[in-house]
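Report on the following structure.
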Amino acid sequence: MQSRKALQLITTTCLTALLFALSLPAKAAPEFTLRAAHYFKEDHPWNKGIVYFAKKVSDDSKGRIQIDIFNGGTLGSEAQTLQFVKDGSLDFVISDPSAGSQFAKELDFFALPFLFRDYAHWQKTLDGEPGKRYAKLIEEKTGIMILGYWGGSSRNVLSTKKPVLSMDDMKGFRLRLISSPLKVNVWKATGAIPTPIAFMETYLAMKSGVVDGMENESVSVRDMKLYEPAPFIARTEHEFTVRPLFMSKKSFDKLPPDLQQIMLKDAQEATVFERKAEVEANQAAITEMQTKFNVKFNDIDKAPFKLVTKPVIAEFSKSMGLTDLLQSIEDVK
């Protein structure tokens with residue numbers, strides 16, 4: 001008898017819950033489903049930034065926009081996904097701008113070394129007039145919008161056998177680089193022997209002695225265990241990374257004005273969030289490599305590097321028609 005009553009009670013409760021659920025208004029499907037891609041995993045600052053951005057956009061648009069995220073390079077390489085954004089078949093990508101240099105040489109500009117004196121100068125430049133001018137130029141040239149400048153990690157020189165203590169140590173140094181004429185000419189000027197090697201082959205190239213080292217930022221060095229064959233890191237800080245949140249102008253133009261404004265506002269908030277996450281991740285990587293893996297960091301005089309690379313920078317800026325932009329960056333105080 002008691003079991004029958006218990007069964008009746010459960011049945012009544014379930015029916016009540018079902019009727020209540022049926023009475024609720026159905027959740028509306030999003031008006032716009034957009035796709036975002038990048039090369040790294042879930043715990044990377046880029047992914048944290050795009051997840052934050054997607055949630056903000058969904059909340060502020062009241063579900064009218066949904067952003068699906070494809071991380072880990074699942075939609076292709078940085079070069080491929082940036083091309084997709086240009087074509088309008090992909091809506092967002094976070095990428096090294098140089099990946100698009102094959103269709104717009106101006107996208108190589110932020111690969112120039114020693115553009116920024118320090119992190120504060122990097123931030124003021126990108127958030128100020130030079131950053132706005134560059135974004136306008138890229139949009140006009142490619143149909144790709146820059147919604148925010150992400151990144152900010154510093155790139156340094158790793159070495160396998162001994163620390164790089166001065167520019168003299170770069171003479172004859174076989175430095176792994178991506179296949180970029182700009183980067184090759186820059187590092188040739190320091191006395192190094194640039195050696196283009198695919199990123200995923202770099203660990204073995206350093207371990208086997210094919211190259212004497214490479215240049216990269218600390219999070220990637222830690223995550224890829226590049227400190228194992230190259231335990232010495234000289235703080236050249238030759239590059240503070242510029243990794244924009246790119247959006248296809250074709251995708252942006254499909255949105256009504258109110259959603260466009262939400263997109264622009266939330267991108268700025270996500271930019272602040274991602275930069276903070278990247279600073280924290282960079283410092284955590286440095287601390288972990290020093291304390292757990294005995295990686296040796298050393299400061300280095302950057303003045304000689306800046307002196308010998310300045311003509312390369314000036315010539316490349318001139319060839320791109322960006323001499324005025326370069327000067328405006330130097331003028332930022």
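Results for (1) basic (K, R); (2) without any contact (Cβ under 8 Å) to a residue 12 or more places away in the chain; (3) surrounded by 22 or more Cβ atoms within 10 Å (Cβ to Cβ); (4) under 21 Å from F316 (Cα atoms), shown as yes or no for each residue.
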position	(1), (2), (3), (4)
L75	no, no, no, no
I94	no, no, yes, no
S98	no, no, no, yes
F116	no, no, yes, yes
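A Cβ distance below 9 Å, combined with a sequence gap of six or more or placement on separate chains, defines the contacts here; from the range 220-239, residues that are in contact (Cβ under 8 Å) with a residue 40 or more places away in the chain reach residues that are in a strand (DSSP E or B) and among the β-branched types (V, I, T) in the pairs V221/I233; Y227/I233; F232/V157; I233/V157; A234/V157; R235/V157; T236/V157; H238/V157.
Looking at (1) acidic (D, E); (2) within 26 Å of D169 (Cα to Cα); (3) surrounded by fewer than 19 Cβ atoms within 10 Å (Cβ to Cβ), can you tell me which one D258 breaks? D258 satisfies every listed condition except (2). Taken over the range 155-185, the residue count meeting the criterion of being under 27 Å from the mean Cα position of the chain (by Cα) and at pLDDT 95 or above is 10.
Considering A28, A17, A21, A36, the condition of being hydrophobic (A, V, I, L, M, F, W, C), modelled with pLDDT of 95 or more and either part of a helix (DSSP H, G or I) or under 28 Å from K254 (Cα atoms) (or both) is satisfied by A36 alone. Considered as a group, the residues in the range 191-202 that are within 26 Å of the chain's Cα centre (by Cα) and either touching a residue at least 40 places away in the same chain (Cβ under 8 Å) or under 23 Å from E237 (Cβ atoms) (or both) include one that is surrounded by the most Cβ atoms within 10 Å (Cβ to Cβ), and that residue is T202.
Do we find a residue being more than 25 Å from E280 (Cβ to Cβ), at pLDDT 95 or above and not charged (D, E, K, R) anywhere in the range 113-133? Scanning the range 113-133, I find at least one residue that is more than 25 Å from E280 (Cβ to Cβ), at pLDDT 95 or above and not charged (D, E, K, R), so the answer is yes.
Among the residues of the range 171-179, are any under 29 Å from V85 (Cβ atoms), touching a residue at least 40 places away in the same chain (Cβ under 8 Å), surrounded by fewer than 21 Cβ atoms within 10 Å (Cβ to Cβ) and of a type in the set (A, V, I, L, M, F, W, C)? Scanning the range 171-179, I find at least one residue that is under 29 Å from V85 (Cβ atoms), touching a residue at least 40 places away in the same chain (Cβ under 8 Å), surrounded by fewer than 21 Cβ atoms within 10 Å (Cβ to Cβ) and of a type in the set (A, V, I, L, M, F, W, C), so the answer is yes. Listed conditions (1) in contact with a strand residue (DSSP E or B) (Cβ under 8 Å, 6 or more places away or on another chain); (2) part of a loop (DSSP other than H, G, I, E, B); (3) not polar (S, T, N, Q) are all met by E139, apart from (2).
Quick grid of which residues meet (1) touching a Ser or Thr at 6+ places or on another chain (Cβ under 9 Å); (2) of a type outside the set (D, E); (3) within 30 Å of L137 (Cβ to Cβ):
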position	(1), (2), (3)
K183	yes, yes, yes
A192	no, yes, no
E215	yes, no, yes
L226	yes, yes, no
I233	yes, yes, no
L245	yes, yes, yes
K249	yes, yes, yes
Q260	no, yes, yes
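S220 falls short of the stated requirement of being more than 17 Å from F109 (Cα to Cα) and modelled with pLDDT of 95 or more.
I197 meets the conditions (1) at pLDDT below 95; (2) closer than 23 Å to G152 by Cα; (3) of a type in the set (V, I, T) in every case but one. The failed one is (2). Does R222 meet the test of being buried (at least 19 other Cβ atoms within 10 Å of the Cβ), in contact with a strand residue (DSSP E or B) (Cβ under 6 Å, 6 or more places away or on another chain) and basic (K, R)? So R222 fails the test.
The values are calculated or read from the model by the stated rules, or taken from the named source; none is laboratory data. Given the structure is predicted, the values throughout are model-derived calculations rather than measurements. Because the Cβ atoms are built from the backbone with ideal geometry, glycine has one as well, and the counts that use them run over all protein chains shown.
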